[in-house]
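Undergrad: Take this structure first; my questions come after.
What follows is calculated from the coordinates using simple rules that are stated; it is not laboratory data. Note that the coordinates shown come from a computational prediction; the quantities given were computed from them, not determined experimentally. Note that each Cβ is placed from the backbone with ideal geometry, even for glycine, and that neighbours are counted across all protein chains shown.
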Amino acid sequence: MNTATHTILSPYASKISGTGSAFPRDRLTNDDLAKRVDTSDEWITERTGIRERRISRPGHPDEQNSSLALAAALKALEMAGKTPDQIDQILYATVTPDTIIPSSACWLQKKLGAHRAWAMDLNAACSGFIFALATADQFIRSGQVKTSLIIGADVLSSVTNWSDRGSCILFGDGAGAAIVERTDSEAPHRILSSHLGSDGNLWEHFHVPAGGSNLEVTPDAYSKNLHKMHMKGKEIFKSAVRTLSDYALLAIESNQLKPEDIDWIIPHQANLRIIEAVAKRLDFPMSKVLVNIDRFGNTSSATVPTALDEAIRDGRIKKGQTLLLDVFGAGLTYGSVLVRW
């Protein structure tokens with residue numbers, strides 16, 4: 001396991017000043033899925049907590065990955081009181097880019113008109129938004145960047161095997177965005193710390209075999225659905241509970257806090273059972289855990305920013321509260337960020 005905890009001495013810190021989210025129009029309910037595979041609403045809800053998810057219309061210009069990101073980014077900019085020409089950096093977390101070349105970050109830069117920004121994609125699967133947020137925090141602390149646009153967006157329907165009843169029930173499409181900007185190192189509202197980890201030895205737990213340079217999507221690979229997601233559910237569950245718990249405690253203890261000092265935990269929305277198991281390990285009440293998996297499923301890098309945005313906009317998250325963002329993803333990747341909102 002390779003882990004990193006990021007803190008550097010600097011006159012600067014960073015704060016999240018705006019958030020936004022966007023989803024496709026069409027809902028795919030559990031009953032809809034039961035018409036495709038051998039499953040039921042009761043079976044899916046009991047095992048995952050998911051009741052429906054949003055699915056992009058293939059080829060629809062408003063529901064491409066970068067189009068959903070654009071809608072989320074515009075909302076985040078509005079909340080932050082920023083314009084596209086004030087963005088210095090675009091960090092775009094995704095595993096389902098519009099195209100391999102160019103990056104989705106460059107597509108978004110074009111659509112947004114953020115001509116001053118440099119832009120890149122970041123692939124850390126479901127941990128992507130947190131990895132991007134931690135990266136932006138370091139660029140801002142170093143003094144190289146004043147304002148960063150962070151995106152977590154995925155169209156997982158494009159890599160879902162819709163004949164696999166064990167995995168197709170889990171995933172949905174969506175995008176979340178955050179504006180991260182420079183503030184004083186002692187400001188009351190800031191990112192307090194970030195903690196990242198990876199373990200490439202566990203790559204087989206969740207991967208897409210074909211589509212990269214190791215294996216092209218040949219007719220044979222296509223017929224075997226090797227261009228779709230493959231996962232080992234039981235192994236993923238165990239690893240997720242362990243690492244989400246460990247990295248939540250790492251963030252809390254690194255800031256000399258206790259679990260009761262945390263106002264909200266915003267975990268990756270992979271499975272409600274995983275979230276409940278982590279809360280139990282931390283002795284943390286589910287009433288203080290933000291959950292949107294019931295309505296949107298697992299949207300990979302979009303789960304944390306969309307849940308964050310929703311809770312900010314409906315007033316559950318209030319100024320001065322301490323937020324723990326906690327994630328786990330394929331790779332394997334995992335991490336946490338502690339934020340004073």
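Undergrad: Between segment 222-278 and segment 12-58, what's the alpha-carbon centroid distance in Å?
TA: 17
Undergrad: Go from 0 up to the bin containing the longest alpha carbon distance in segment 190-340, width 10 Å each, and give me the % of pairs per bin.
TA: For segment 190-340, the pair-distance distribution reads 11, 38, 31, 14, 6, 1.
Undergrad: Report the relative contact order of the chain, percent, no decimals, based on alpha-carbon pairs under 8 angstrom and at least 6 residues apart. Mind dumping the intermediate values first?
TA: Numbers: 840 pairs, mean separation 87.1, N = 341.
Over the chain, the number comes to 26 percent.
Undergrad: Taking 0.36 nm per residue of sequence separation and subtracting the Cα-Cα distance, how much length would be gained by fully extending the chain between GLN138 and TRP43, in nm to one decimal?
TA: Details: separation 95, 0.36 × 95 = 34.20 nm, distance 4.35 nm.
Contour length minus Cα-Cα distance gives 29.9 nm.
Undergrad: Check the straight Cα-Cα distances from LYS232 and name the lysines below 26 Å, setting aside those fewer than 8 residues away within the same chain.
TA: Leaving aside lysines fewer than 8 places away in the same chain, those within reach of LYS232 are LYS35, LYS224, LYS280.
Undergrad: Taking the mean number of other Cβ atoms within 10 Å as a proxy for protection, how do you rank 135-143, 296-304 from highest to lowest?
TA: By packing density, highest mean first, the sequence is 296-304, 135-143.
Undergrad: What distance in nm separates the simple spin-label points at TRP203 and ASP32, each placed 7 Å from Cα in the Cβ direction?
TA: Inter-label distance under the simple model: 3.4 nm.
Undergrad: When the chain is modelled as a GNM with alpha-carbon springs shorter than 10 Å, which of LEU202, LEU272, LEU77 fluctuates the most?
TA: LEU202
Undergrad: Going through the DSSP H helices of the chain, which span 20 Å or more along their own axis at the Cα atoms while scoring at least 0.0 as a mean Kyte-Doolittle hydropathy?
TA: 65-80, 128-142, 233-254
Undergrad: Give the residue list of trypsin sites (Lys or Arg not before Pro) in segment 1-107 that are DSSP loop and have at most 15 other beta-carbon atoms within 10 angstrom. Spell out each step's value before the answer.
TA: Working: sites: LYS15, ARG25, ARG27, LYS35, ARG36, ARG47, ARG51, ARG53, ARG54, LYS75, LYS82; in loops: ARG25, LYS35, ARG36, ARG51, LYS82.
Sparse-neighbourhood loop trypsin sites (Lys or Arg not before Pro): ARG25, LYS35, ARG36.
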